[in-house]
Amino acid sequence: MSDKLVIAFMSTGMLVVLLTGLGAYFLSRQALEARIFDQMESIRENKTTSLNDLFERAFDDGLVLASSKVSQDLTKRLEEYMEEQFISTSGAFDRQNSGYNTLYNRFIDSYKVYVQMYGYHDVLVVNSHGQVVFSVLKEEDLGQNLKTGVLSGSGLANVWRKVAATGAISLEDFSLYQISGNPFAFVGAPILRSGELVGTVVLKIPASKVDQVLEARRGLGETGQVLAIGSDFLMRSNSNRVSEPTFLRQEIRNDYVVNALAKQEATARGLDHMGTAVLVSHGPFSFAGLNWALLAMVEQDEAFASLYRIRRFLVAITLAMVGLLLVLALGYSRAISRPLRDLREVIMRLGEGQLPPKSELATRDEIGEMSKAINVLIENLHNTREFALEVGQGKFDTKVNVFNDKGDLGEALASMRDSLLEVSQQQARLRDQETRRNWATQGIALFSDILRQNNNDTEELAAKVVSNLVKYIGAVQGGLFVLRQGERDQRQYLELMATYAFNRRKFIDKTIELGEGLVGACAIEKQTIHMTKVPDHYLEIASGFGKTKPESLLIVPLKLEDKLFGILELASLKPLDSHKIEFVEKVSENIASTLATSAMNRRTQQLLEASRQQQEELHSREEELRQNMEEMQATQEEALRRSHEMHDRIELLEHENEQLRAELEGLEATQRPT
């Protein structure tokens, strides 16, 4: 009986502990693996959206630059320059000429901003003959002929040919550039004049812009990474697990890449290209002819680190329980008889995987204490079961605790619960960030289109910007002030160009001196002013229900490279979130850029008109001078003719005088006395 009791006691206890531990372990493993796969898939989709935003922004920048007045003027001036200098269109382009440097210095500022502010390596202009006639950085590709030169097989030449063939904006995938040996992608946008292609603006995209998107490590841990692979199975990113560059230098050809290039999305466990066990989420990325595979992966050792700790704790608890059971069985097996049957029934039910009610045995000996211990175990197994079920259902904020969240198992389960809760909250934050990012991206695209369509009419531009911005951010009133300068005293002041309130466009004449009020102060400081406590009587919003004071006031300077072009003022009945304020600041930069371009265009038009008037005045003066010269010449000829006539008369009179003198002398001679 003693031996059987020892064996039964030991077997039952071990079975209960093992079943409980294994059940909790496998349930936790399934829940953790599902959450990690969801997180990796969310990260991959986020990177896909970010890459799409990167190339869409490049397309928007290319179209804006190609359709700008600056590009039109540059191509026209270069054509005139080539005709004046008798430069051939079939060979290389001479970039050392002083006349060309004058043209370059005239237009460089309008293109340099795209390199300094937007991160492009270079901005180039290629004429219709394939000659690279403009470059911000003036590298070795400036002056090359893409038809016959050393760059005829480059990505730059390929994107130019696409634009020349289609007349539309095009994208060329990354390739190693012959001149520098570095990987670049190219976006080409057509420059059209009267529907005819006269040139191509090319944005040179460095590999670092892709790395900036993919190397953001939030949510990836220490070993996680996102890789991009092209249709040629060469990497379009640099791996953080090797020190050498892998962009276009490392080939990855496995089932994940093949399936992703075939437009398949999936998650899996397996080995990566370096033979490391990983959890991976793969899917395609496509944009304007690009066909890439994106792999978001993390090493299994890091992903299941908390689970491995739980496993070690379960093993330790199991061994401890086995030792405890062995001591109790050897010490009290001969003294257990009738009370043991009740305990045996409880243990047998535990051995069958059931959770029985607590034992009612109340003896004060060791059996009674063992009964209490089993009751504690039953209670904690109940808690473990509830914990595993709630974790399996995704309820990571459960208040159920095991062993009061103490000890190895209790702390491990509490740690696992906290980790899963953090993963769930992080995923919710990522979704919220993605929603805000998509909102901002769509807004930037909307206002870029508005600015592009109305850049020649400042008043209409201001009206549409204010009305759409008020609607987009949920404000109720807005106004746009433009910086003006007096023609006589050169005094600078702010003129209200457009206002909008309650879905109606307002027409109000208003000027504000610099430093006057909040708007004038913003113009002086050139910093955003956001107020949640608006001063009394500063602004009242009127509607059909009366007047009310706004809850939030946002005043943003329209500046470009610290040069002020105007002020944007918005009022809302609700507080404005930080992401909306950041969005308005980004839009304000684009508005300032458009106002700067519009001002430059107006100044250029004024200079052209003044030059035309000066030419007409000069022509009129030349005509008047010519007429005066003709009259002077006619006067001189008349004077000369009269001089000749006078001379002939004088000679005739002298001749007649001589005759008279001779006749007189003859008469005098005849009258003398002989």
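The values are calculated or read from the model by the stated rules, or taken from the named source; none is laboratory data. Nothing here was measured: the structure is a model prediction, and the numbers come from that model. Cβ placement follows ideal geometry from the backbone for every residue including glycine, while neighbour counts extend to all protein chains displayed. Quick note on the areas: whole protein, heavy atoms, side chains included, nothing else; ligands and nucleic acids left out. Shrake-Rupley method; radii C 1.70, N 1.55, O 1.52, S 1.80 Å.
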Mean projected area (nm²) from the convex hull of Cα positions in the stretch 177-279 is 9.4
Measure of exposure for Lys563: accessible area at 1.4 Å probe, Å² rounded to 10, is 120
Surrounding charge for Ala164, neighbours by C-beta under 12 angstrom, Lys/Arg +1, Asp/Glu -1, total +2
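Which sequence of Thr511, Thr48, Thr200 reflects their accessible areas, 1.4 Å probe, from the largest down?
Thr511, Thr48, Thr200
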Ordering Leu640, Leu514 by the accessible surface of their heavy atoms, 1.4 Å probe, largest first, yields Leu640, Leu514
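Which percent of the accessible area of the stretch 30-181 is formed by carbon and sulfur heavy atoms (probe 1.4 angstrom)?
C and S atoms contribute 49 percent here.
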Once amide hydrogens are built 1.01 Å from N within the peptide plane, the residues lying 5 or more places from Gln492 or on another chain with amide H under 5 Å from its amide H are Gly486
Mean projected area, convex hull of alpha-carbon positions in the stretch 508-658, reported to one decimal in nm², is 18.4
Residues whose modelled amide H sits under 5 Å from the amide H of Tyr177, counting only those 5 or more places away in sequence or on another chain, are Asn182, Phe184
Note on the stretch 219-282: alpha-carbon gyration tensor, axes a ≥ b ≥ c; rule is a/c under 1.5 for rounded, else prolate if a/b larger than b/c, else oblate; result oblate
Other residues with Cβ under 10 Å from the Cβ of Tyr493 give, with Lys and Arg +1 and Asp and Glu -1, a net charge of -1
Candidate cut points under chymotrypsin sites (Phe, Trp or Tyr not before Pro) in the stretch 32-93, DSSP loop plus at most 15 other Cβ atoms within 10 Å of their own Cβ, are Phe86
Karplus-derived 3J(HN,Hα) from phi for the stretch 131-139 (6.51 cos²θ - 1.76 cosθ + 1.60, θ = phi - 60°), whole Hz, x at Gly and Pro, runs 8, 7, 9, 8, 8, 5, 8, 6, 7
Under the 7 Å Cα-to-Cβ spin-label approximation, Glu83 and Arg241 lie apart by a distance in nanometres of 6.1
Expected unfolding gain across Ala316-Met646 under the 0.36 nm per residue rule, minus the alpha-carbon gap, is 104.5 nm
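Using a 1.4 Å probe, what is the accessible area per residue for the stretch 109-196, in Å²?
I get 38 Å² per residue for the stretch 109-196.
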